[in-house]
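*Asks:* Below is a structure I'd like to ask you about.
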Amino acid sequence: MNKKLELFWPLQHSTISQKFGDNDVVLYKQLNYKGHNGIDLPCQSGTPIYASHDGIVMGMSMDKTAGCGVMIRTNEEYQDRYQTRSFFKTIYWHTTPNIPVRLGQQVRIGDIIAYSDNTGYSTGPHLHWGLKAIKQGENEWDWITLNQNNGYGGALNPEWYVSVMSAYQLRTSLHVMRDLLSKIAMFILLITR
């Protein structure tokens, strides 16, 4: 079965301050990009950042341009909007250096994976959220970004795959449903005794 990639917003409340795509900012030209290779979501420093999909922490980094960040890869292949199957990684940049997840850790939608900040080339606290299609290299730990010559370093627009719900909202809803089902089960046990 070919599952389509679905992402959830990585902040509890998301508005976009800069979209993916063509942009004349000098920095992007210096990086040989056509424009912005992700989505910027403004937020206060220290705002929790949630995993936008289930996956494995494949990297944590400090980059002069992007600042501190976390990368999470999907556990399985998904279909993109062009019906191509691949693994994907989401990228969360400009975070605090104190990242609460570790390399190789399995995360679920809605798990806190970082906290926002203003690290790297940034004009204020925000989350830079990116997405790339990847394939496994020769070794288990080698992952290669696909479509690196697309003008955005292989980045795709996360908006193509995002749900209307945030990861936080999904996780909260699942906890409420679990608690409700637990109470119903307890009630059934009481009335059937």
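*Asks:* How much accessible surface does PHE87 have with a 1.4 Å probe, in Å² rounded to 10?
*Replies:* 40
*Asks:* If DNA, RNA and ligands are ignored and the probe is 1.4 Å, what is the ranking of VAL164, VAL25 by accessible area, most exposed first? Write out the running numbers ahead of the final one.
*Replies:* Numbers: VAL164 145, VAL25 65 Å².
Descending accessible area places them as VAL164, VAL25.
*Asks:* When you have a sec, figure out the Kirkwood radius of segment 44-148 from all distinct Cα pair distances and drop it here in Å to one decimal?
*Replies:* Values: mean 1/r = 0.0713 Å⁻¹.
By the Kirkwood definition, the hydrodynamic radius is 14.0 Å.
*Asks:* Which of rounded, prolate, oblate describes the chain, given a ≥ b ≥ c as roots of the alpha-carbon gyration tensor eigenvalues and a/c under 1.5 marking rounded, otherwise prolate only if a/b is larger than b/c?
*Replies:* Details: a/c = 2.07, a/b = 1.61, b/c = 1.28.
Cα axes put the chain in the prolate bin.
*Asks:* Output the 0 to 90 degree angle, nearest 10, between the alpha-carbon long axis of helix 167-191 and the longest principal axis computed from the alpha carbons of the chain.
*Replies:* Helix 167-191 and the main axis of the chain meet at about 10 degrees.
*Asks:* Using 14 Å as the cut-off for backbone N distance, which residues of segment 91-129 belong to the label zone defined by a point 7 Å from the Cα of ASN75 along Cα→Cβ?
*Replies:* The answer is 105-111, whose backbone nitrogens lie closer than 14 Å to the label point.
*Asks:* Using +1 at the C-beta of Lys and Arg and -1 at the C-beta of Asp and Glu, which of CYS43, TYR92, SER17 has the Cα lying farthest in the positive direction of the dipole of segment 1-154?
*Replies:* SER17
*Asks:* When the helices in the chain are scored as -39500 (n - 2.57) per DSSP H run of 4 or longer and the sum is shared across all residues, what 222 nm value do you end up with, to the nearest 500 deg cm²/dmol?
*Replies:* Values: 2 runs with 30 residues, N = 193.
Value at 222 nm, helices only, nearest 500: -5000 deg cm²/dmol.
*Asks:* Right, another one. Pull out a ≥ b ≥ c, the square roots of the eigenvalues of the alpha-carbon gyration tensor of segment 1-99, then state rounded if a/c is under 1.5, prolate if not and a/b is larger than b/c, and oblate in the remaining case.
*Replies:* Numbers: a/c = 1.63, a/b = 1.23, b/c = 1.32.
In terms of gyration-tensor shape, oblate.
*Asks:* Note down the nm distance, to one decimal, between modelled labels 7 Å out along Cα→Cβ at LYS19 and at GLN105.
*Replies:* 3.5
*Asks:* Okay, moving on. Extension gain ARG85-LEU190, at 0.36 nm per residue separation less the Cα-Cα distance, in nm?
*Replies:* Values: separation 105, 0.36 × 105 = 37.80 nm, distance 4.89 nm.
Full-extension gain reported as 32.9 nm.
*Asks:* Please identify every one of the trypsin sites (Lys or Arg not before Pro) in segment 49-81 that sits in a loop by DSSP and has no more than 15 other beta carbons within 10 Å of its own beta carbon. Each step should come with its number before you reach the end.
*Replies:* Details: sites: LYS64, ARG73, ARG81; in loops: LYS64, ARG81.
Sparse-neighbourhood loop trypsin sites (Lys or Arg not before Pro): LYS64, ARG81.
*Asks:* Can you return the lysines within cross-link range of LYS29? Criterion is Cα-Cα under 19 Å, with same-chain partners fewer than 8 residues away left out.
*Replies:* Straight-distance partners of LYS29: LYS19, LYS64.
*Asks:* Please work out how much accessible surface TYR82 shows to a 1.4 Å probe, ignoring ligands, DNA and RNA, in Å² rounded to 10.
*Replies:* TYR82 has an accessible surface of roughly 140 Å² with all protein chains in place.
The values are calculated or read from the model by the stated rules, or taken from the named source; none is laboratory data. Keep in mind that what you see is a predicted model, and the values were worked out from it rather than measured. A quick note on method: Cβ atoms are made from the backbone with ideal geometry, for glycine too, and the neighbour counts reach across all protein chains shown. The protein model used for the area step is the full one, side chains on, heavy atoms only, and it has no ligands, DNA or RNA in it. Shrake-Rupley method; radii C 1.70, N 1.55, O 1.52, S 1.80 Å.
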